[in-house]
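Data block below; observations after.
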Amino acid sequence: MHTTALVLFSGGQDSTTCLAHALARYERVETVAFDYRQRHSVELQARLAVLDALRAQFPHWAGKLGEDHLLDLGVLGQVSETSLTRDMAFQMEQSGLPNTFVPGRNLLFLTLAAALAYRRGLEVIVTGVCETDYSGYPDCRDDTMKAMQLALSLGMDRRLLIETPLMWIDKAETWTLAHQLGGQPLVDLIVEHSHTCYLGDREHRHAWGWGCGQCPACELRARGHERYLSQWPAGRPAPVPASA
């Protein structure tokens with residue numbers, strides 16, 4: 001039985017939900033983030049606020065939450081001509097993928113996370129990749145995760161499990177999962193402290209959180225939040241939205 005985990009934690013809605021999922025399952029949980037010169041680098045500060053809030057508001061998880069790691073992956077920004085690493089408009093490419101796709105990003109993330117997990121004695125790597133509400137990124141697919149798990153386990157000569165709690169659920173169900181894990185306090189924490197906006201906007205506050213409201217990440221998060229609130233059956237108290 002696995003007891004320790006390393007969560008790829010960017011500070012966004014998905015990775016915060018994955019962190020809560022890990023804290024509910026494992027005895028010791030550490031976190032790792034990557035600075036790849038992303039335009040929305042504000043997430044690197046937002047993630048610290050999320051960690052502080054989790055410790056303060058969920059004391060039963062605080063004792064499980066171990067060391068946080070930030071790794072410099074600037075080389076990824078150097079080789080990536082994408083709208084997440086360059087000042088360019090969001091658009092679809094001829095390949096059929098959006099220009100928010102950073103080639104090799106999740107592959108590098110998982111490789112470095114595996115090396116860190118090896119050194120720290122952590123058994124499970126938790127990541128928020130998803131095939132349901134995603135933009136066709138090939139490095140978010142379940143097949144990719146299974147292949148990486150096999151390659152990393154062989155290459156490290158140690159059994160590593162890559163866990164993907166969000167793989168088969170949409171954004172509305174991700175909000176629901178957060179509510180199941182931590183109730184309204186966790187949902188409110190995600191709204192107030194997490195960051196998903198690709199433009200790094202922390203000036204505009206919406207019912208679903210901070211962001212420009214127009215980039216693909218904001219639109220996806222907003223639609224999911226709206227569906228999440230609408231799915232509560234008649235006669236059952238709906239979750240209370242955080243004030244906009």
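Rundown of residues vs (1) out of contact with any helix residue (DSSP H, G or I) (no Cβ under 9 Å at 6 or more places or on another chain); (2) basic (K, R), yes/no style:
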{"site": "T111", "(1), (2)": "no, no"}
{"site": "R119", "(1), (2)": "yes, yes"}
{"site": "E123", "(1), (2)": "no, no"}
{"site": "T132", "(1), (2)": "no, no"}
{"site": "D143", "(1), (2)": "yes, no"}
{"site": "M148", "(1), (2)": "no, no"}
{"site": "L152", "(1), (2)": "no, no"}
{"site": "R159", "(1), (2)": "no, yes"}
{"site": "A172", "(1), (2)": "no, no"}
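Identify, by number, the condition in (1) modelled with pLDDT under 90; (2) within 15 Å of the chain's Cα centre (by Cα); (3) of a type outside the set (F, W, Y); (4) buried (at least 18 other Cβ atoms within 10 Å of the Cβ) that L108 doesn't meet.
(2)
Name the single residue, out of those in the range 23-39 being acidic (D, E) and in contact with a Leu (Cβ under 7 Å, 6 or more places away or on another chain), that is nearest to G66 (Cα to Cα).
We begin by selecting, within the range 23-39, every residue acidic (D, E); these are 27, 30, 35.
With the extra rule that they be in contact with a Leu (Cβ under 7 Å, 6 or more places away or on another chain), the set shrinks to 30, 35.
Working: E30: 5, D35: 20 Å.
Once the filter is applied, the top-ranked residue is E30.
Would you be able to say whether some residue in the range 174-181 is over 16 Å from the mean Cα position of the chain (by Cα) and without any contact (Cβ under 8 Å) to a residue 12 or more places away in the chain?
Yes, the range 174-181 has at least one match.
What are the residue pairs meeting all of these: first residue in the range 202-225, first residue more than 16 Å from D14 (Cα to Cα), second residue surrounded by fewer than 22 Cβ atoms within 10 Å (Cβ to Cβ) and acidic (D, E), Cβ atoms under 6 Å, and 6 or more apart or on different chains?
As it stands, the answer is C212/D201, since those pairs meet every condition given.
Residue check: is M92 of a type outside the set (S, T, N, Q), at pLDDT 80 or above and more than 19 Å from S194 (Cα to Cα)?
Working: of a type outside the set (S, T, N, Q): yes; at pLDDT 80 or above: no; more than 19 Å from S194 (Cα to Cα): yes.
No; evaluated as a whole, the condition is false for this residue.
Only one of V29, V42 is in contact with a Gly (Cβ under 7 Å, 6 or more places away or on another chain), under 17 Å from T127 (Cβ atoms) and hydrophobic (A, V, I, L, M, F, W, C); which? Give the steps one after another, and end with the answer.
Numbers: V42 fails: under 17 Å from T127 (Cβ atoms).
Residue meeting the stated conditions: V29.
The values are calculated or read from the model by the stated rules, or taken from the named source; none is laboratory data. These figures come from a predicted structure and were not determined experimentally. Note: ideal-geometry Cβ built from the backbone for every residue, glycine included; neighbour counts use all protein chains shown.
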